[in-house]
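Colleague: Take a look at the following structure, please.
The values are calculated or read from the model by the stated rules, or taken from the named source; none is laboratory data. Every value quoted in this text rests on a predicted model; they were computed, and no experiment measured them. For neighbour counting, all protein chains shown are included, and Cβ atoms are generated from backbone atoms with ideal geometry for every residue, glycine included. Surface areas here come from the heavy atoms of the whole protein model, side chains and all, with no ligands, DNA or RNA. Shrake-Rupley method; radii C 1.70, N 1.55, O 1.52, S 1.80 Å.
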Amino acid sequence: MLLFQKRFLSGIVSGDITVTFRQWPKLRVKPGGRYRAHPIGVVEVTDVARVRVKDISAADAPRAGFESLDELLDYLEPAAKGAFGPDTELYR
């Protein structure tokens with residue numbers, strides 16, 4: 001099961017949100033996998049890439065449900081396991 005905050009659900013359903021960033025210790029999904037996302041149903045993962053924070057682009061922000069790259073990074077930082085900086089690795 002994939003968990004998303006309630007504020008992202010309508011964007012996922014409408015297709016406006018097409019990317020998410022996760023800081024997992026190991027990969028928990030695979031491309032082509034279909035995962036329950038309560039209460040919206042099932043989401044399909046089409047691609048997974050390991051990226052560094054410095055490689056996240058401004059174009060990624062609206063695709064992830066944020067107005068700006070700064071807003072996206074402000075959202076990600078409190079959830080970081082340890083130090084959060086340009087070289088922190090995430091899954092996109």
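Colleague: Which condition number does D60 fail, the rest of (1) under 11 Å from the mean Cα position of the chain (by Cα); (2) more than 23 Å from G82 (Cβ to Cβ); (3) not aliphatic (A, V, I, L, M) being met?
Modeller: Only one criterion is unmet by D60, namely (2).
Colleague: While we're on this one: Inside segment 1-15, can you point out the residues that are free of Cβ contacts under 8 Å to residues at least 12 places away in the same chain and over 19 Å from I56 (Cβ atoms)?
Modeller: K6, S10, S14, G15
Colleague: Being among the basic types (K, R) and open to solvent by less than 100 Å² (accessible area, probe 1.4 Å) is the filter here, so list the residues in segment 3-26 that pass it.
Modeller: R22
Colleague: So the check is Cβ under 6 Å with 6+ separation or different chains; which pairs have a first residue in segment 16-38 that's basic (K, R) and a second one that's in a loop (DSSP other than H, G, I, E, B)?
Modeller: R36/M1
Colleague: Working only within segment 5-25, note down all residues that are in contact with a helix residue (DSSP H, G or I) (Cβ under 8 Å, 6 or more places away or on another chain) and at pLDDT below 95.
Modeller: Hit for segment 5-25 is Q23, nothing else.
Colleague: What are the pairs with Cβ atoms under 7 angstrom where one residue, in segment 47-70, is in contact (Cβ under 8 Å) with a residue 24 or more places away in the chain and the other, located anywhere, is among the hydroxyl-bearing types (S, T, Y)? Sequence gap at least six, or different chains.
Modeller: Close Cβ pairs (under 7 Å, with a partner that is among the hydroxyl-bearing types (S, T, Y)) amount to V48/Y91; R50/Y91; R52/T88; V53/T88; R63/T18; A64/T20.
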